[in-house]
Amino acid sequence: DTAVSQTPKYLVTQMGNDKSIKCEQNLGHDTMYWYKQDSKKFLKIMFSYNNKELIINETVPNRFSPKSPDKAHLNLHINSLELGDSAVYFCASSQVSGGPIYEQYFGPGTRLTVT
Amino acid sequence: QKEVEQNSGPLSVPEGAIASLNCTYSDRGSQSFFWYRQYSGKSPELIMSIYSNGDKEDGRFTAQLNKASQYVSLLIRDSQPSDSATYLCAVNTNAGKSTFGDGTTLTVKP
């Protein structure tokens, strides 16, 4: 069973389009994250949700809108895509309540290419 | 100053040698420290976590933490070509948030 899954794995689209990426975790974790990894491999956090509540919102353009319908799902919608949005987007989850553990488990990533 | 800094790399070691990866962090309130391994084209995979000062060993991997010096390291003994990857240091600096270093690319040469 896949612990953290993302769809789609690859996404090629044109500038100006709107696209969504979906993430699901079956680990029973209470917190989920979106990360962006650019061509230089820097991994930067974008958002984090704890039990459907947004707790981390880094400096990300408001074209990016996360949505968490329940604690097992976290989706990412991107409006008006730009060339600079091309990157690999990783979803991750962790269990936050109960102690300072926060080991994160990552999904396989979604490679977004904007042309 | 970056919140989490790692050796800039790349690091190259011969097979069988010890690879040493280093990481420093700026927030003294940090509580949890992690090492992730990322193969090219794959997602980061947790390999070690450490929460208290000292050493923690798991097979060929040893994580070392020194909170006074704000330093965490990863030693890989008997390095194998399959250890060739980018290693990411992550530090929990706030509730539920891990800040990642920029990674160190390790190559183990047969």
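A short reminder: the numbers here are calculations on the coordinates, not readings from a lab. Fair warning: this is a prediction, and the values are worked out from it, not measured in the lab. When we count neighbours, we look across all protein chains shown, and the Cβ atoms used for this are built from the backbone with ideal geometry, even at glycine.
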Charge dipole (the range A:23-115, unit charges on Cβ, about Cα centre) - positive-most of A:Thr115, A:Ile56, A:Trp34: A:Thr115
Those lysines that a straight Cα-Cα span of less than 25 Å connects to A:Lys40, excepting residues fewer than 8 apart in one chain: A:Lys9, A:Lys19, A:Lys22, B:Lys2, B:Lys42, B:Lys97, B:Lys109
Cα centroid separation, the range A:46-98 to the range B:19-80 (Å): 26 Å
Contact order normalised by residue count of chain A, Cα under 8 Å, 6+ apart, percent: 36 percent
Shape box of the range B:8-54 [Cα atoms, principal axes, largest first, Å]: 36, 24, 19
Shape box of chain A [Cα atoms, principal axes, largest first, Å]: 44, 29, 28
Phi-based couplings in Hz for the range B:6-18 (Karplus 6.51, -1.76, 1.60; Gly and Pro marked x): 10, 3, 5, x, x, 10, 10, 9, x, 4, x, 7, 9
Packing-based order for A:88-95, B:22-29, using average beta carbon neighbours within 10 Å, highest first: A:88-95, B:22-29
Per-residue average of Cβ from other chains inside 10 Å of B:41-48: 5
Of A:Glu103, A:Glu82, A:Glu53, the one that fluctuates the most in a GNM where chain A has Cα springs shorter than 10 Å: A:Glu103
Pairwise Cα inverse-distance average, inverted: Kirkwood Rh of chain B (Å): 13.9 Å
Dimensionless Rg over Rh [the protein assembly as shown; C-alpha; Kirkwood]: 0.97
Per-residue HN-Hα couplings for the range A:4-12 [Karplus 6.51, -1.76, 1.60; θ = phi - 60°; Hz; x = Gly/Pro]: 10, 10, 9, 9, x, 7, 10, 9, 10
Amide proton proximity set for A:Val96, modelled H, under 5 Å, gap of 5+: A:Asp30, A:Thr31
Net charge dipole size for the range A:46-115 [Lys, Arg +1 and Asp, Glu -1 on Cβ; Debye, nearest 20]: 140 debye
10 Å Cβ neighbours from other chains, averaged over peptide B:97-103: 6
Mean Cα-pair separation over length for chain B, i.e. relative contact order, pairs under 8 Å, 6 or more apart, %: 37 percent
Residue-by-residue Karplus 3J(HN,Hα) for the range B:44-55, coefficients 6.51, -1.76, 1.60, Hz, glycine and proline x: x, 10, 5, 10, 8, 9, 8, 10, 10, 4, x, 10
Label-point separation, B:Ser52 to B:Asn66 (7 Å along Cα→Cβ), nm: 2.0 nm
Average partner coverage of A:53-61, which counts Cβ from other chains inside 10 Å: 1
